Structure formats: C-alpha cells, structure tokens
Amino acid sequence: MRKIIHVDLDAFYASVEQRDDPALRGRPVVVAWRSKRSVVCAASYEARVFGIRSAMPAARAERLCPQAVFVPPDFARYRAASRRVREVLLRYTDLVEPLSLDEAYLDVTAPKLPASSATAIARRIRQEIFEETALTASAGVAPNKFLAKIASDWRKPNGLFVIRPQDVDAFLAPLPVARIPGVGKAMDAKLAALGIRTCADLRACDVRELERRFGRFGRRLAQLAVGVDERAVSPEQPVQSISAEDTFEDDKPLRAIEPMVRALAAKTWAASRKTDRIGRTVVLKLKTADFRILTRSHTPIAPPQSERELADIAAGLRERVDLPASTLYRLVGVGLTNFHDPGEHERQSSLFD
C-alpha cells in the first residue's frame, strides 16, 4: 500500500509578496496586472474573504474589494521560492511529482530519511518549508493521490489532514461529488439531475449506466467513489500541455462563444504561468451538440507573450471551423501545447540564422 503526501503552498504568489514586503501583511493582496483584460493570478486569504479567486477578471476583483492591493506578478521570485521548497521535498524521497510551482505529490512508502510514519514526514516537511522559506504549506496524507489531494485542502491554510486506509470508506461516503477533481459546475449539475450528491450516491449507481452517460469519466467516478486510484507518483514529468474547458448550460452557435473562449484562455494563461516551460501551440477544442469533437491549432512564430495574445489566437481559430453556421456546440476548450524549456526555441531558431 502506498503512502502519498500532497503538499500545497498556501496562496503561494500572494504569500511570497507578503513575505517580501511586510507592508502587505494582513492586507488583501491580489497578484495581477491592473488592466481590463488581466486576470487574478493569486489572492491572499485576506482578499479571498471578499470572494476574490484565481482566474477571476482583475476588474471584478477590484469591484469586490476596492481597498485590495494589486501587485504585478514576479514569476522569477516565485520560481526561486518553488525551487527551495522542492529541495526540502527531495530530502525525503526521489518520488516527487510537481503539479505546478506551488504543489506536488510525494510517494514516501520507502522514504530516504527514517521516520515513524508518513504523517511524521508531512509534519517535518511543513516545518522545514516554513523555517527555510517563511512560507506555510498545507499537506494531505493518504493511500493514493486522489485522497491526498482532497486531504491537503481539508484544513487549509497551514493545515495537515490524514486519511488512513481504514477510514477511507467512512470519509468518502458523505463527501459531496463536487469535491472530486474533474467535477466542475456543469458535471455537478448533471449529477444533481440524477440525484447524485455524494460519493455514497455514486456507489449506489450502476457503473455501466455511469459509463453510458459520461464515458470513461463515468467509470472513473465509480472508482473514486470507493477510493480507488492506482496512479503512481511520476517524478519530474515535464509539462506537455495545459488547457481549460467548460460545457455550456445551453448549446450555442460558434459566433456566440467568443466570451467563453476568452475566459478559458485567461484560465489557461494563468495556469501556464505556474511552470518554467513555455507553450508554443494554441489549441481550440469544440464539441458539437451531437458529441462530435474537433480541434484547431496554430503555432505562431513566437510563443504567445500575453493572455490577450493567447485569447486572440484561440478566438481566431473559430474561422478554421468548416461546419455549417447552424451547428450548435455544447463544449469549448482552450489549450497550450508543444511546451519547451526556456531558451530552447531561441537555440533552435539560431540554427537557421
């Protein structure tokens, strides 16, 4: 049986800003460029009280909390802090799977340093992160990645929660399905229409019916409802793609989806800022009302340099959809793929100069 820890730094970007500037401590801090098209990269817990969340339009955040302090993001500093945290994690295991600059999975089934339990390791990691970076982290300990991620969010901020193998069934039964990763607002509404509100409700459903309605994700839901997640911790997997997608409440024609395309581009751009790697190819994904999936992509000469450029390219890809104008769509997604390390594009370009 695996022993998995999920470590998640609390309000990471905003916490780095508050750490480095004492005048920001205790104040509602929003990490974002202050412009009409900017989105929130991070919000301190003082700002979250006002309903401000990541990927929210910065203009809306300002309306929710006029007294908020807006700080432009400094990704070089965030990456430096992330590297120091990574050094702490690697003291305990080589099986560290970064998800972004501020969170990672660890497999401590066979730790490098002696410890009485995975819980003890999680406590030591959180203490060392604070001592060496002055940042707080929340952690979840569980038998698999799915449960560990839920656990790390259970007592945020600056908390530790443990789900022991013998407690999995009791913990999951009343858990709202909305807490399951991958269940967004649209999926939650579909499950609600079927009377499914908790993992216990999911357990009572026929797996074949869930699969018929929701495809492979239906089977995945059935597995997660009983705490089954066989994914191994995969160390140092480089980011290959980042995307965001959403399903419309009502099917829409192509001409009406630009606002959603731009909103999803904002989410994708914000997520891409959490990795050192750079995405070159913009992808637009569409699903028609009759569940036909199509994608269109474009690789510009230089990688997109801003959220607006990403959104403009994604919105423009609609022109390459050759279905009848009367076609209705139920889902849209915006992604970045073809990631490379910083400087790689320049090195390749220099070969042809």
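Derivation of every value follows stated rules applied to the coordinates shown; laboratory data play no part. Note that the coordinates shown come from a computational prediction; the quantities given were computed from them, not determined experimentally. Quick reminder, even Gly has a Cβ in these numbers, built from the backbone with ideal geometry, and neighbours come from all protein chains shown.
Placing unit charges on C-beta atoms (Lys and Arg positive, Asp and Glu negative, everything else neutral), compute the dipole magnitude of segment 44-141 about its Cα centre in debye, rounded to 20.
140
Using +1 on the beta carbon of Lys and Arg, -1 on that of Asp and Glu, and nothing else charged, what's the dipole of the chain about the Cα centre, debye to 20?
Values: 56 positive and 45 negative charges, 111 e Å.
In debye, rounded to 20, the chain gives about 540.
So how do 90-97, 296-303, 329-336 stack up, highest first, on mean other-Cβ count within 10 Å?
Working: 90-97: 18.2, 296-303: 14.1, 329-336: 22.9.
Result, highest mean Cβ count within 10 Å first: 329-336, 90-97, 296-303.
Taking a ≥ b ≥ c as the square roots of the eigenvalues of the Cα gyration tensor of segment 174-225, is the shape rounded (a/c under 1.5), prolate (a/b larger than b/c) or oblate? Don't jump to the answer; show the numbers that get you there.
Working: a/c = 1.34, a/b = 1.19, b/c = 1.13.
The shape class here is rounded.
For each pair in K145/K190; K112/K185; K145/K185; K156/K274; K185/K285, compute the distance between the two Cα atoms and list the pairs where it is over 29 Å.
Numbers: K145/K190 25 Å; K112/K185 41 Å; K145/K185 22 Å; K156/K274 20 Å; K185/K285 19 Å.
From K145/K190; K112/K185; K145/K185; K156/K274; K185/K285, over 29 Å: K112/K185.
What distance in nm separates the simple spin-label points at Q127 and S241, each placed 7 Å from Cα in the Cβ direction?
Taking the simple label geometry, Q127 and S241 are separated by 4.4 nm.
State to the nearest 20 debye the size of the charge dipole of segment 174-225 about its Cα centre, where the only charges are +1 on K and R beta carbons and -1 on D and E beta carbons.
On the way: 11 positive and 5 negative charges, 30 e Å.
It works out to roughly 140 debye.
Can you compute the FRET efficiency between D21 and S326 using 1/(1 + (r/R0)^6), with r the Cβ-Cβ distance and R0 = 56 Å? Round to the nearest 0.05. Walk me through the numbers on the way to the answer.
Working: r = 55 Å, r/R0 = 0.98.
So the FRET efficiency works out to roughly 0.55.
What ranking, highest mean first, results for peptides 41-52, 57-68, 246-257 when packing means the other Cβ atoms within 10 Å averaged over each residue? Walk me through the numbers on the way to the answer.
Values: 41-52: 21.0, 57-68: 16.5, 246-257: 14.1.
Packing order, densest peptide first, comes out as 41-52, 57-68, 246-257.
Expressed as a whole number of Å, what is the distance separating the alpha-carbon centroids of segment 81-114 and segment 128-192?
Cα centroid of segment 128-192 versus Cα centroid of segment 81-114: 18 Å apart.
Pick out, from A42, G218, V29, the residue whose Cα sits farthest towards the positive end of the charge dipole of the chain, with +1 on the Cβ of Lys and Arg and -1 on the Cβ of Asp and Glu.
Result: G218.
Roughly speaking, what is the stretch gain from R155 to A189, that is 0.36 nm per residue apart minus the C-alpha to C-alpha distance, in nm to one decimal? Please report the intermediate quantities before stating the final value.
Values: separation 34, 0.36 × 34 = 12.24 nm, distance 2.62 nm.
Extra length from R155 to A189 when fully extended: 9.6 nm.
What list do you get for L191, L160 if you sort them by fewest beta carbons within 10 Å?
On the way: L191 24, L160 19.
Fewest-to-most Cβ neighbours within 10 Å comes out as L160, L191.
Looking at the square roots a ≥ b ≥ c of the eigenvalues of the Cα gyration tensor of segment 13-75, which shape do they give, rounded for a/c under 1.5, prolate if a/b is larger than b/c, or oblate? Let's see the in-between values first.
Numbers: a/c = 1.83, a/b = 1.31, b/c = 1.40.
Oblate shape, in that a/c is at least 1.5 and b/c is the bigger or equal ratio.
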